Amino acid sequence: MWKAWQEGLANKDSSKLAGLLTDDFVIITRLNTRTRQQTLDWTAAGGNPSVIDDLKVLYENDEVAMVQHSANNGKGDRTAMALYTKKDGKFSQAKIWRAAH
């Protein structure tokens, strides 16, 4: 999923990401909640100016994945933590928390 998301943002193409998300996928952040389609549209538009890198998978099984990565939006580096839930082999939800370094 990580690679599909990075490539999707860089190439403004969410087609690979679409195959990894359930129809009822949502992404929840402190600022908003996006549906599957909103997430795909955002990815296809290139996202926001944030650069995400340095993925560390902290835990993963067939039901959940907990990851950490950097996020730099030009206002300083931040660390993001994300909890992904899975359903039927696809990702169904992402909850993302960001903290300043």
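The values are calculated or read from the model by the stated rules, or taken from the named source; none is laboratory data. Keep in mind it's a predicted model, so treat the numbers as computed, not measured. Cβ coordinates were reconstructed from backbone atoms using ideal geometry, including for glycine residues, and neighbour counts include every protein chain displayed.
Would a scan of the range 18-40 turn up a residue that is at negative phi and touching an Asp or Glu at 6+ places or on another chain (Cβ under 6 Å)?
No, the range 18-40 contains no residue that is at negative phi and touching an Asp or Glu at 6+ places or on another chain (Cβ under 6 Å).
Based on what the data block shows, is Ile52 at pLDDT below 90 and surrounded by 11 or more Cβ atoms within 10 Å (Cβ to Cβ)?
yes
Return the only residue of Leu31, Leu17 being in contact with a Ser or Thr (Cβ under 7 Å, 6 or more places away or on another chain) and either closer than 15 Å to Phe91 by Cα or in a loop (DSSP other than H, G, I, E, B) (or both).
Leu17
Every residue in the range 69-96 that is more than 11 Å from the chain's Cα centre (by Cα), assigned to a strand (DSSP E or B) and at pLDDT 90 or above, please.
Thr85, Lys86, Lys87, Lys90, Ser92
For the range 1-42, which positions are of a type in the set (Gly, Ala, Ser) and either surrounded by 14 or more Cβ atoms within 10 Å (Cβ to Cβ) or modelled with pLDDT under 95 (or both)?
Those that are of a type in the set (Gly, Ala, Ser) and either surrounded by 14 or more Cβ atoms within 10 Å (Cβ to Cβ) or modelled with pLDDT under 95 (or both): Ala4, Gly8, Ala10, Ser14, Ala18.
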